[in-house]
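Derivation of every value follows stated rules applied to the coordinates shown; laboratory data play no part. The structure displayed is predicted, hence computed values, not measured ones. Quick reminder, even Gly has a Cβ in these numbers, built from the backbone with ideal geometry, and neighbours come from all protein chains shown.
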Amino acid sequence: MLRHQNGSLLQLEDAEIYYQVSGSPTGHPLLLLHGGLGSLEDFSAIAGSIPEHFFVIAVDLRGHGRSTIGRKPLSYLQHQLDVQALIAHLNLNEYSILGFSDGGIVGYRLAIENAAIRALVTVGAQWRISDQDACYEILSGVTPETWTEIFPDAPRKYSELNPHGNFAELVQSCTRLWTDLDPAGYPGDAIARIQCPTLILRGDSDFLLSLEEAADAQTMINGASLGNIPFCSHAAIEESPDIAARLICDFLSAPRKRHTDT
């Protein structure tokens, strides 16, 4: 759990988005966006390392954790719109983003042509996908049964957080989201328009985000930094929290300016 948690619900047109705040209310806002089929608990391993001077807002994305799924289909665009609604609700004029996996993909989408973002950190976040990619076959084959085989406690943990939710429906919705090749999905080459300081992190054995893909993203985003964390896979913030937290916190705490072409 995040420190000094204070949970709230944002009522949208068709869904309720759950979020927790911690840290200093007058500090620089830091949005935590978790991975697919996870929750804000994804950041538990590094939460204690985030300096108290940040104002941390940890979000359960639509359908995940304590948030309801609503009537609209899951898409990265819809997650983006939900987070933007929360940003407006909290009157955040400037903020940073730490996004893991799906949360990082949403972070990329938010950062494109968004002058309010001071810094972006993504962990294990794909930015493009093709139906010819090896990971596409992996993602398209995820079912409630296969996910439960890998993570036996997943249905129980989900029902504890969201007793009225439907775990099987959420898994099926995420499979469609992960394999969405339309503009509402992965940001693709549009990440080249990101101007905020960006740190791209991945685990050395991440089977979803290859080192080549991460390096291509670094090349496309002006001034981006790339960190390859050894001895871990996709969930680097859980598998190597000390290294991940050090890199993330050092990057977010450094004085930085937005990049420009001049």
Handout entry: Förster-model FRET efficiency, 25 Å R0, SER225 and ALA88, C-beta, rounded to 0.05
Key = 0.30
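Between ASP216 and GLN11, take the C-beta separation as r, use R0 = 41 Å, and let me know the FRET efficiency to the nearest 0.05.
Values: r = 40 Å, r/R0 = 0.96.
The value I calculate is 0.55.
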Exercise for the section: For a label point 7 Å from the Cα of GLU149 along Cα→C-beta, name the residues of region 198-227 whose backbone N is under 20 Å from it. Expected result: 207-208
Fill in the blank from the handout: GLN132 neighbourhood, Cβ < 15 Å, K/R = +1, D/E = -1, net charge -4
Exercise for the section: Please return the longest stretch of the chain lacking exposed loop sites, where GluC sites (Glu not before Pro) count only if DSSP places them in a loop and at most 12 other Cβ atoms lie within 10 Å. Expected result: 114-262
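Just from its helices, what would the mean residue ellipticity at 222 nm be for the chain, if runs of 4 or more DSSP H residues each count -39500 (n - 2.57) and the sum is divided by every residue, rounded to the nearest 500 deg cm²/dmol? It would help to have the intermediate numbers written out before the result.
Working: 10 runs with 89 residues, N = 262.
For the chain, the value works out to -9500 deg cm²/dmol.
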Exercise for the section: Pop the C-beta distance of ARG176 and PHE207 into the FRET formula with R0 = 22 Å and round what comes out to the nearest 0.05. Expected result: 0.60
Practice task
In whole Hz, with x marking every Gly and Pro, tabulate ³J(HN,Hα) for region 194-208 from phi via Karplus 6.51 cos²θ - 1.76 cosθ + 1.60, θ = phi - 60°.
Solution key: 5, 10, 7, x, 10, 10, 9, 10, 8, x, 4, 10, 5, 7, 9
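Sum up the charges of everything whose Cβ sits under 13 Å from the Cβ of CYS232, counting Lys and Arg as +1 and Asp and Glu as -1, but leave CYS232 out.
Details: positive: ARG202; negative: ASP204, ASP206, GLU238, GLU239, ASP242.
Surrounding charge for CYS232 is -4.
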Problem - Dimensions (Å) - the chain, Cα atoms, principal axes, largest first - result: 50, 43, 35
Fill in the blank from the handout: In the chain the DSSP beta bridges are antiparallel at a rate, in percent to nearest 5, of 30 percent
